[in-house]
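The values are calculated or read from the model by the stated rules, or taken from the named source; none is laboratory data. In this text the structure is predicted, and so the values were computed from the model without any measurement. Positions of Cβ are backbone-derived with ideal geometry, glycine not excepted, and every protein chain shown enters the neighbour counts.
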């Protein structure tokens, strides 16, 4: 069966929470209930600046993606950033991650911008997919934590 990608909906709360918490564990982060609640509220709030998608196979949510869009100074269009992508390990390799990225790429294609994302340099599994669907860039990421 094919993967269907759609925006998150209120009824997705429990499964989203499980997948996002598992995503945190993967990156050695234990999200508090407060953080999970706040992110979920932002995903459902129109105009919050962050949106979410779910990947559905055989009627079950198997993956999530969080993204945002903003004006792009290099193109004059919109730039898209994939913040989080996580697929249930039980169904990895079945096309759910690829379907989420393809959906976002299609959204970005109509706005004159680009879809970008980062991943940990140790996340070889994700990079194997990313190397097939996108171009690895030369950009280095910096951060200042508050």
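Brief remarks follow.
- Qualifying residue in region 120-141 (condition: surrounded by 11 or more Cβ atoms within 10 Å (Cβ to Cβ), touching a residue at least 60 places away in the same chain (Cβ under 8 Å) and either within 19 Å of residue 39 (Cα to Cα) or out of contact with any helix residue (DSSP H, G or I) (no Cβ under 6 Å at 6 or more places or on another chain) (or both)): yes
- Selection from region 1-16 of residues that are part of a helix (DSSP H, G or I) and farther than 13 Å from residue 66 by Cα: 10, 11, 12, 13, 14, 15
- Taken over region 24-34, the criterion of being assigned to a helix (DSSP H, G or I) and under 17 Å from the mean Cα position of the chain (by Cα) is satisfied by 24, 25, 26.
- So residue 98, is it surrounded by fewer than 19 Cβ atoms within 10 Å (Cβ to Cβ) and in contact with a helix residue (DSSP H, G or I) (Cβ under 9 Å, 6 or more places away or on another chain): yes
- Cβ pairs under 7 Å, 6+ apart, first in region 33-49 and more than 17 Å from residue 15 (Cα to Cα), second surrounded by 10 or more Cβ atoms within 10 Å (Cβ to Cβ) and at pLDDT 95 or above: 48/42; 49/68
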